[in-house]
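Step one of this worksheet: look at the structure below.
The values are calculated or read from the model by the stated rules, or taken from the named source; none is laboratory data. All of these numbers come straight from a predicted model, not from anything done at the bench. As a convention, Cβ positions derive from the backbone with ideal geometry for all residues, glycine included, and neighbour counts pool all protein chains shown. The area values use the complete protein model at the heavy-atom level, side chains included, leaving out ligands, DNA and RNA. Shrake-Rupley method; radii C 1.70, N 1.55, O 1.52, S 1.80 Å.
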Amino acid sequence: MFGVFSRGVARIPRLTSFVGEWTFVRATGNKKISKVLGWGYKDTSIIARKYAKERGLPYVSLEDGFIRSVGLGVHGVPPLSLVIDDLGIYYDATRPSRLERIISEGAYSDEILEAADRAIDLVCAHRISKYNHANTVGFSPPTKSRSGARRILVVDQTFGDAAVTFGGGGEAVFENMLNAAVLENPEGEIWVKLHPDVMAGKKKGYLSSMRIQNARVIENDCCPLTLISHFDKVYVVSSQMGFDALLMGKSVTCFGNPWYSGWGQTDDRHKDADAIRVRRGVRRTVSELFAAAYLVYARYVNPVSGKVTDIFDTISWILRNRQISEASQGSLYCVGMSFWKRSIVKPFLSVPGNRLYFAKALKESSLNRLGEDARIVLWGRQNSSLAVSARNAGIPITRLEDGFIRSSGLGSDLYAPLSVCVDDNGIYYDPESGSDLERLLNSHEFEDEQLTRARSLIARLLELKISKYNVGVSFEVSPDAKGRRILLVPGQVEDDESIRTGSPIVFRNRDLLSMVRKNNPDAWIIYKPHPDVVAGNREGRVADRDLLSLANEVVLYGSISDCIAAVEEVHTMTSQSGFEALLMGKAVHCYGAPFYAGWGLTVDHVYIPHRCRDLSIQELVYIALCRFPRYRLPAIAGFCAVEDVVDYLATVKKSERRIGSHWLGRRLRKLRQIIDQLAFVRP
């Protein structure tokens, strides 16, 4: 068992998954420990190292991994990866580390090297680095002042950082590096990159404290690999950006002794470089260095499941969260939302670097004072006149709506959503709006890996009977239906916008039932009212006398998944039940234009000419469930994948319940949502 002395270390989320059993020694006085865990060789680990030395216990170093997170650690963003070293720590060049041992021994299987090359391709293609908060297109240098001039990047670090101290750096070394870059490249353009923590105002740097001449300073925060792509040569002391540059195929000069120097890939200038090279002893390729550091040495934990994972899962998490973060920058004005709606919207819009403002209304005359980065956010099709005025003023509009796998209860019963659709061009249920979902379905070029993912997701959804709301009890069709063709007509909320905008011919539940009965006089028709209507929260009730003549069976509380499984066909206006029926391979008749109609998968009673290609069910599912919505889980920092939500719902769905809610239950859920909002953590 590890003994931990630092409260900062003890507070690391999923620490047990990273390191195994541990206890906080200073708090418990527990002496039954076999090892002491501390944060590298920084000052915060002095007590831990002293304790280990006095008792003859091994000291084990903990540090951030090389692909750490989306946001900065100084902003409290938890790590996705850590390194654990029982010999030293990778940035301490004064002694061997576990990483150095792994590189030297070089036990690289073909499988590891293949994985390393695949991961390097992803890292370079998607510009993945240690911190991934900066926009990947955030830096574009001006045209070179001289034709053919080389661009030289000089990288600063934070003052007193352990990687500098133990890597042979210091003020004089940084000054020598800058001078050498200028002298060795008289025809080049010299640029100095400040550290993100310095630009965030959290720390000071070495070069930022000097008077820099004959060089330009990059003061804006930007993606390291995007930045490096603009340069021909990179100078570092011990910065990780030096290895990022090696991955990008750049020439790297090291004035300190970072972990990646001394292996034959860098130009090493430190006074101890020869001794380091002799100690390390072998030449390694960049792929071998990457395999050792990123695949063998570093440990990764999934922030949702808390289970040990790999670099590819971590890269997927970073790409998803960074994409959402980049799409949500600026000043977002959320207009016309109730207090309840505000509390559920905030987690899906709040990302590092943006600003959220909530207002009951906005006057059209105030639009020109909102600022250049303003965006107006609306729920559904509300405030249509404001949307028109904003677009005329050149202000983008974003519309929100519940996702297709929403929650373990009804929204009208105040169950918060686990997914939200964010659309900058329209709204998915309006077939004339040119929504982002429709654009993706019309244009996306699918990859085999994406279709395999969709296929696995469909199987999981069917196995667990996951639907949009996940309410209802088990259902079996009446024995009287035996020998007859069985149809399902799912009821809808009749004042719902999806019917108003997407079902121009049939827009009442009774009329839909009547049409289905007329066309299928001998069929056994099951009618399932919408859960919100059953709960008494929304409009759409069909009179009992009509139900007696039009439907053979009415299902109030049965699970929609069980209902669909029991029938041959589903007839609907725009209900998502039709989409769920497609997953089960059922025939679906659409009397309106839901998002899943018009792609060659449904029997369409409304013509949708602008949906111009046929899709497979896997292609539809990948876009509609994997790509388009945003997903979040309670108490988890960051945006997760649809598979994480499915796994979560599988645990809460085990206790089936009836639809409906009493007054106290609704108020308690609202209170819980407020509490969750207060505890909300940015990704």
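Residues of segment 97-108 that are in a loop (DSSP other than H, G, I, E, B) and at pLDDT below 95: Gly106, Ala107, Tyr108. Only residues that are under 18 Å from Pro224 (Cα atoms) and part of a helix (DSSP H, G or I) were counted in segment 180-214, giving 6.
Only residues that are open to solvent by 30 Å² or more (accessible area, probe 1.4 Å), of a type in the set (A, V, I, L, M, F, W, C) and over 21 Å from Val473 (Cα atoms) were counted across segment 517-561, and they come to 1.
Looking only at segment 349-389, which residues are more than 30 Å from His133 (Cα to Cα) and in contact (Cβ under 8 Å) with a residue 24 or more places away in the chain? Break it down stepwise before answering.
Just the residues of segment 349-389 that are more than 30 Å from His133 (Cα to Cα), to begin with: 360-366, 381-389.
Across segment 349-389, the qualifying residues are Lys360, Ala361, Leu362, Glu364, Arg381, Gln382, Asn383, Leu386, Ser389.
Here's the yes/no breakdown for (1) touching a residue at least 24 places away in the same chain (Cβ under 8 Å); (2) closer than 22 Å to Pro629 by Cβ; (3) touching a Leu at 6+ places or on another chain (Cβ under 7 Å); (4) hydroxyl-bearing (Ser, Thr, Tyr):
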{"residue": "Val296", "(1), (2), (3), (4)": "yes, no, no, no"}
{"residue": "Asn302", "(1), (2), (3), (4)": "no, yes, no, no"}
{"residue": "Val308", "(1), (2), (3), (4)": "yes, no, no, no"}
{"residue": "Asn321", "(1), (2), (3), (4)": "yes, yes, no, no"}
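Only residues that are outside any loop (DSSP other than H, G, I, E, B) and open to solvent by 40 Å² or more (accessible area, probe 1.4 Å) were counted across segment 465-488, and they come to 3. All conditions but one from (1) farther than 18 Å from Asp313 by Cβ; (2) open to solvent by less than 30 Å² (accessible area, probe 1.4 Å); (3) modelled with pLDDT under 95 apply to Val70; the one that does not is (1). Within segment 330-347, does at least one residue satisfy the condition of being modelled with pLDDT of 90 or more, within 30 Å of Arg299 (Cβ to Cβ) and not in a strand (DSSP E or B)? Within segment 330-347, one or more residues are modelled with pLDDT of 90 or more, within 30 Å of Arg299 (Cβ to Cβ) and not in a strand (DSSP E or B).
Restricting segment 298-316 to residues that are touching a Phe, Trp or Tyr at 6+ places or on another chain (Cβ under 6 Å) and of a type in the set (Ser, Thr, Tyr), the residue that is nearest to Glu449 (Cα to Cα) is Thr314. Could we say that Val252 is closer than 24 Å to Glu63 by Cβ and either assigned to a loop (DSSP other than H, G, I, E, B) or of a type outside the set (D, E, K, R) (or both) here? Answer is yes for this residue.
Apart from one condition, Ser456 fits all of (1) open to solvent by 40 Å² or more (accessible area, probe 1.4 Å); (2) part of a loop (DSSP other than H, G, I, E, B); the exception is (2). Within segment 562-594, being in a loop (DSSP other than H, G, I, E, B), open to solvent by 10 Å² or more (accessible area, probe 1.4 Å) and out of contact with any Lys or Arg (no Cβ under 8 Å at 6 or more places or on another chain) holds for Ala566, Thr574, Ser575, Met584, Gly585, Lys586. Would you point out the residue of segment 34-44, among those that are under 12 Å from Phe5 (Cβ atoms) and at pLDDT 90 or above, that is surrounded by the most Cβ atoms within 10 Å (Cβ to Cβ)? That would be Leu37. Listed by first and then second residue, the pairs with beta-carbon distance under 8 Å, at least 6 apart or on different chains, first residue in segment 37-54 and closer than 14 Å to Phe166 by Cα and of a type in the set (Lys, Arg), second modelled with pLDDT of 90 or more and open to solvent by less than 90 Å² (accessible area, probe 1.4 Å), are Lys42/Ala162. Out of Val282, Val286, Val278, one residue alone is farther than 29 Å from Ala641 by Cβ, out of contact with any strand residue (DSSP E or B) (no Cβ under 8 Å at 6 or more places or on another chain), open to solvent by less than 40 Å² (accessible area, probe 1.4 Å) and not assigned by the TED database to the domain that holds Gly380. It is Val286. Taking the numbered list (1) closer than 15 Å to Val420 by Cα; (2) modelled with pLDDT of 95 or more; (3) not basic (Lys, Arg) in turn, Phe312 passes all entries but (1). Among the residues of segment 499-516, those that are outside any loop (DSSP other than H, G, I, E, B) and either at pLDDT below 90 or open to solvent by 50 Å² or more (accessible area, probe 1.4 Å) (or both) comprise Arg500, Arg510, Asp511, Met515.
Total residues in segment 430-441 satisfying the condition of being open to solvent by 40 Å² or more (accessible area, probe 1.4 Å) and outside any loop (DSSP other than H, G, I, E, B): the figure is 1. Here is a check on your reading of the model: is Val388 assigned to a strand (DSSP E or B), among the hydrophobic types (A, V, I, L, M, F, W, C) and modelled with pLDDT of 90 or more? It is false that Val388 is assigned to a strand (DSSP E or B), among the hydrophobic types (A, V, I, L, M, F, W, C) and modelled with pLDDT of 90 or more. Before we move on, is Arg49 open to solvent by 10 Å² or more (accessible area, probe 1.4 Å), touching an Asp or Glu at 6+ places or on another chain (Cβ under 7 Å) and at pLDDT 90 or above? It is false that Arg49 is open to solvent by 10 Å² or more (accessible area, probe 1.4 Å), touching an Asp or Glu at 6+ places or on another chain (Cβ under 7 Å) and at pLDDT 90 or above. In segment 611-625, the residue that is most open to solvent (accessible area, probe 1.4 Å) out of those that are farther than 12 Å from Glu447 by Cβ and in a helix (DSSP H, G or I) is Ile617. Here the condition is being of a type outside the set (Ser, Thr, Tyr) and touching a His at 6+ places or on another chain (Cβ under 8 Å); of Asp221, Asp197, Asp232, it holds for Asp221 alone.
On the basis of being over 21 Å from Lys130 (Cα atoms) and open to solvent by 20 Å² or more (accessible area, probe 1.4 Å), does Arg320 make the cut? When the stated conditions are applied, Arg320 does not pass them.
Every residue, every condition in (1) surrounded by 21 or more Cβ atoms within 10 Å (Cβ to Cβ); (2) within 24 Å of Gly106 (Cβ to Cβ); (3) at pLDDT 95 or above, yes or no:
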| residue | (1), (2), (3) |
| --- | --- |
| Arg211 | no, no, no |
| Asn214 | no, no, no |
| Val217 | no, no, no |
| Tyr235 | yes, no, yes |
| Ala245 | yes, yes, yes |
| Thr266 | yes, yes, yes |
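Check segment 632-644 and report whether any residue there is at pLDDT 95 or above, over 21 Å from the mean Cα position of the chain (by Cα), surrounded by fewer than 19 Cβ atoms within 10 Å (Cβ to Cβ) and not polar (S, T, N, Q). The answer is no, given that none of the residues of segment 632-644 is at pLDDT 95 or above, over 21 Å from the mean Cα position of the chain (by Cα), surrounded by fewer than 19 Cβ atoms within 10 Å (Cβ to Cβ) and not polar (S, T, N, Q).
Being in contact with a strand residue (DSSP E or B) (Cβ under 9 Å, 6 or more places away or on another chain), under 30 Å from Ala387 (Cα atoms) and touching a residue at least 40 places away in the same chain (Cβ under 8 Å) is a property that Tyr415 lacks.
Thr314 fulfils the conditions (1) without any contact (Cβ under 8 Å) to a residue 40 or more places away in the chain; (2) in a helix (DSSP H, G or I); (3) among the β-branched types (Val, Ile, Thr) except for a single criterion, (1).
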